[in-house]
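Below is one structure, written out as structure tokens; comments come after it.
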Amino acid sequence: MSARYDEVYRRSIENPEDFWAEAASDISWYRKWDRVLDDSRAPFYRWFAGGELNTCYNCLDRHVEAGRGDQAALIYDSPVTGVIEKFTYAGLLDEVARFAGALAGLGVAKGDRVLIYMPMIPQAAIAMLACARIGAIHSVVFGGFAPHELATRIDDATPKAIVTASCGIGPGRVIEYLPLVLDAIEQSAHKPESIVLYQRRNVREAVLSDPRCHDWEALTANADAAACVPVAATDPLYILYTSGTTGQPKGVVRDNGGHAVALKWSMKNIYGIDPGEVFWAASDVGWVVGHSYIVYGPLLHGCTTIMYEGKPVGTPDAGAFWRVISEHGAVALFTAPTAFRAIRQQDHEGKLIGQYDLSKFRTLFLAGERADPETIKWAEQQLKVPVIDHWWQTESGWPIAANCVGLGMFPVKYGSPTKAVPGYDIQVLDEGGNPLPAGEMGTIALKLPLPPGCLLTLWQADERFKSAYLDAFPGYYNTSDAGYIDEDGYVYIMSRTDDIINVAGHRLSTGAMEEVLAEHPDVAECAVIGVADELKGQLPVGFVVLKAGVDKDHGTVVSELVSLVRERIGPVAAFKMAVVVKRLPKTRSGKVLRGTMRAIADDRPWKMPATIDDPAILDEITEALKTLGLAKGA
């Protein structure tokens with residue numbers, strides 16, 4: 001048992017206001033809060049109401065003022081371009097302040113939205129911090145999303161400006177971003193006033209023919225450095241879109257005050273990191289991990305953060321991660337289990353690990369999807385450091401369950417991210433919202449109020465926030481994950497309870513994919529399920545019923561569907577498997593039996609649903625799955 005964890009956790013639940021007020025003393029405030037927790041509009045809770053701060057000041061200026069100006073703040077390591085670039089805190093502050101001035105010169109002001117569509121280059125972090133500096137609200141969209149997905153986010157966030165780059169680099173190819181951005185604007189009802197484009201001169205430049213386009217370097221060269229704008233603790237820092245079950249993305253809103261307090265607290269207490277140390281989250285700024293633990297968390301804590309433009313394998317080999325850790329002296333790595341499955345697949349004996357000096361490396365953190373025990377054991381054996389699985393969501397913004405390194409670690413139980421993080425009251429509920437005893441499976445829910453740093457609401461959609469997260473279990477936040485808590489308080493997350501699937505750590509909606517498939521002129525109806533995949537965690541599989549009279553070759557239809565999903569959602573969907581079937585298995589009320597289809601595909605035990613319309617259809621589905629190499633045990 002960790003007596004320190006037990007004491008800290010107890011205080012966080014019994015007296016959250018005192019607990020978080022103490023944590024907030026590690027943040028610089030222009031004005032102290034009037035109330036630590038404002039519950040006057042419950043369930044819309046607000047932390048540090050009345051307080052004023054600036055997140056960029058806390059990430060950069062305060063460290064320069066405290067004498068950290070010459071310390072590395074950000075290391076950009078890009079094996080795909082062969083570039084390594086280091087920014088000190090003073091240097092990064094100068095870049096951010098000037099770009100903030102450039103945005104202000106375009107009329108971007110406090111409360112305006114700025115959409116950032118960038119590859120993994122330092123300018124992505126600079127743009128985020130520049131927005132925070134002037135009180136603008138950034139919305140970063142992953143550079144792999146297709147124009148249609150980008151357009152839905154433009155219409156929802158209504159940004160005044162878009163910040164992009166000339167290109168991104170995918171496996172073996174260069175992806176030009178400006179045509180995608182212009183296509184998205186063409187599709188969107190809202191028209192941003194300005195596009196700021198960073199030319200990647202060492203890769204490929206874009207022709208700035210659109211009158212709304214501005215060259216990043218030319219704009220910043222003439223800009224005055226912007227000062228930090230004080231904002232309310234409860235003002236939004238950013239909007240981050242996550243998959244919605246309807247196909248309409250949900251804009252998670254993060255505040256300034258609670259976010260800064262929670263992330264600063266997490267760096268030492270969860271991750272065991274001290275200011276000045278090198279921390280590496282191998283993610284993308286388009287995802288929540290990139291927001292929280294490439295950009296904000298490490299910089300709030302005075303660490304050196306690594307921004308890596310590469311892959312775990314193939315850039316150039318399965319030793320890429322070990323090179324980065326060795327070369328930059330990283331003490332911890334945070335990545336998705338998918339990355340380690342890929343490394344293990346290519347270097348099963350770990351021979352490449354021995355080629356690098358990992359003497360400073362202390363801890364490996366895994367999150368983003370369920371970490372299978374075999375991957376954890378392999379990493380432990382090869383790296384000989386603690387391997388910490390921890391669990392959180394885009395909505396929470398920081399870990400919900402973890403083995404808190406800074407509070408004294410517990411023994412690892414494979415398959416569990418260990419215990420509730422201080423601040424989170426995790427419960428397992430039955431369908432009626434009643435707490436279940438230890439060991440019994442139910443919906444994982446978080447008792448309200450959520451701690452600082454979690455989502456406040458959905459952008460311009462308070463009612464949708466309530467219906468999506470709160471209405472199912474009054475007084476609780478519904479995580480939409482199913483699992484249980486054992487007799488020692490260890491949390492086990494087993495599966496999603498809705499139709500969000502997890503592909504290589506990316507949460508994607510099968511409902512959104514079904515909407516795309518249904519647009520194909522030959523498709524009468526369809527279903528998409530997530531099936532287990534050793535490398536990526538889950539992969540989508542489509543089932544389509546063709547319209548009567550269509551006699552097109554099935555292989556042609558499938559390839560057209562694959563192309564359609566790639567065009568509408570993007571390569572990130574990893575949609576490559578589909579099969580034409582005569583009919584879909586349904587209940588008598590017409591509900592498609594996706595859960596049963598998943599169980600058959602994954603060779604898991606299943607029972608014939610009592611409400612099934614025609615049991616023979618499941619035999620047809622089984623045969624169809626076998627043609628894809630699934631349902632091997634059936």
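General remarks:
- Strands (runs of 3 or more DSSP E) wholly inside segment 77-185 containing at least 2 residues that are among the aliphatic types (A, V, I, L, M): 83-88, 113-117, 137-140, 161-165, 173-176
- Counted as qualifying within segment 518-607 are the strands (runs of 3 or more DSSP E) with 2 or more residues that are in contact with a Leu (Cβ under 9 Å, 6 or more places away or on another chain), small (G, A, S) and open to solvent by less than 40 Å² (accessible area, probe 1.4 Å), namely 523-533.
- Unique residue being within 23 Å of Y293 (Cβ to Cβ), in contact (Cβ under 8 Å) with a residue 12 or more places away in the chain, open to solvent by less than 40 Å² (accessible area, probe 1.4 Å) and in contact with a Gly (Cβ under 6 Å, 6 or more places away or on another chain) when the list is L446, L458: L458
- Cross-chain or 6+ apart pairs with Cβ under 7 Å, segment 215-238 first and more than 17 Å from D112 (Cβ to Cβ), then of a type in the set (V, I, T): W216/V196
- Within segment 121-140, considering residues that are closer than 17 Å to A72 by Cα and of a type outside the set (A, V, I, L, M), the one least open to solvent (accessible area, probe 1.4 Å): P122
- Residues satisfying the stated conditions in segment 24-41, i.e. among the charged types (D, E, K, R) and open to solvent by less than 20 Å² (accessible area, probe 1.4 Å): D38
- Boolean, Y57 is in a helix (DSSP H, G or I) and among the hydroxyl-bearing types (S, T, Y): yes
- Among the residues of segment 331-350, those identified as in a loop (DSSP other than H, G, I, E, B) and either at pLDDT 95 or above or open to solvent by less than 30 Å² (accessible area, probe 1.4 Å) (or both) are A336, D347, G350.
- In summary, T220 fulfils each of the numbered conditions (1) outside any strand (DSSP E or B); (2) surrounded by fewer than 21 Cβ atoms within 10 Å (Cβ to Cβ); (3) of a type in the set (V, I, T) with the single exception of condition (2).
- Selection of segment 219-278 for residues being among the aliphatic types (A, V, I, L, M) and within 17 Å of F48 (Cα to Cα) yields V231, A232, A233, L237, V253, A260, V261, A262, L263.
- Within segment 394-417, being open to solvent by 10 Å² or more (accessible area, probe 1.4 Å), closer than 28 Å to L508 by Cα and without any contact (Cβ under 8 Å) to a residue 60 or more places away in the chain holds for one residue alone: Y414.
Residue-wise test of (1) surrounded by fewer than 19 Cβ atoms within 10 Å (Cβ to Cβ); (2) basic (K, R); (3) without any contact (Cβ under 8 Å) to a residue 12 or more places away in the chain; (4) under 20 Å from Y238 (Cα atoms).
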{"site": "Y5", "(1), (2), (3), (4)": "no, no, no, no"}
{"site": "P43", "(1), (2), (3), (4)": "no, no, no, no"}
{"site": "L60", "(1), (2), (3), (4)": "no, no, no, yes"}
{"site": "G69", "(1), (2), (3), (4)": "yes, no, no, no"}
{"site": "E85", "(1), (2), (3), (4)": "yes, no, no, no"}
{"site": "G105", "(1), (2), (3), (4)": "yes, no, no, no"}
{"site": "K110", "(1), (2), (3), (4)": "yes, yes, no, yes"}
{"site": "P119", "(1), (2), (3), (4)": "no, no, no, yes"}
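- Selection from segment 141-187 of residues that are touching a residue at least 60 places away in the same chain (Cβ under 8 Å), farther than 23 Å from G251 by Cβ and open to solvent by less than 40 Å² (accessible area, probe 1.4 Å): G170
- Counted residues, segment 71-83 - those being within 25 Å of A262 (Cα to Cα) and surrounded by 19 or more Cβ atoms within 10 Å (Cβ to Cβ): 4
- Top-ranked residue of segment 486-497 - restricted to ones that are of a type outside the set (G, A, S) and farther than 17 Å from E431 by Cβ, ranked as modelled with the lowest pLDDT: I493
- Residue under evaluation F361, criteria (1) assigned to a loop (DSSP other than H, G, I, E, B); (2) hydrophobic (A, V, I, L, M, F, W, C); (3) closer than 24 Å to F142 by Cα, criterion not met: (3)
- Screening S243 on (1) over 27 Å from S12 (Cα atoms); (2) modelled with pLDDT of 95 or more; (3) touching a Leu at 6+ places or on another chain (Cβ under 7 Å) shows it passes everything except condition (2).
- Qualifying position, being of a type outside the set (A, V, I, L, M, F, W, C) and either in contact with an Asp or Glu (Cβ under 7 Å, 6 or more places away or on another chain) or farther than 24 Å from H291 by Cα (or both), among S28, S78: S78
- Across segment 608-634, the qualifying residues are those that are among the β-branched types (V, I, T) and open to solvent by 60 Å² or more (accessible area, probe 1.4 Å), and the one among them that is modelled with the lowest pLDDT is T611.
- Residue ranges of strands (runs of 3 or more DSSP E) in segment 235-330 with at least 1 members open to solvent by 10 Å² or more (accessible area, probe 1.4 Å) and touching an Asp or Glu at 6+ places or on another chain (Cβ under 8 Å): 236-242, 304-308
- Condition met for A472 (among the aliphatic types (A, V, I, L, M) and modelled with pLDDT of 90 or more): yes
- Of all residues making up segment 188-201, the number that are of a type in the set (A, V, I, L, M, F, W, C) and open to solvent by 80 Å² or more (accessible area, probe 1.4 Å): 1
- Test: residue in segment 480-487 that is farther than 26 Å from E17 by Cα and in a loop (DSSP other than H, G, I, E, B): yes
- Criterion: surrounded by 16 or more Cβ atoms within 10 Å (Cβ to Cβ) and either of a type outside the set (A, V, I, L, M) or farther than 30 Å from P571 by Cβ (or both) - qualifying residue of A420, A438, A512, A504: A420
The values are calculated or read from the model by the stated rules, or taken from the named source; none is laboratory data. These figures come from a predicted structure and were not determined experimentally. A quick note on method: Cβ atoms are made from the backbone with ideal geometry, for glycine too, and the neighbour counts reach across all protein chains shown. Protein only, heavy atoms only, side chains kept; ligands, DNA and RNA dropped before computing areas. Shrake-Rupley method; radii C 1.70, N 1.55, O 1.52, S 1.80 Å.
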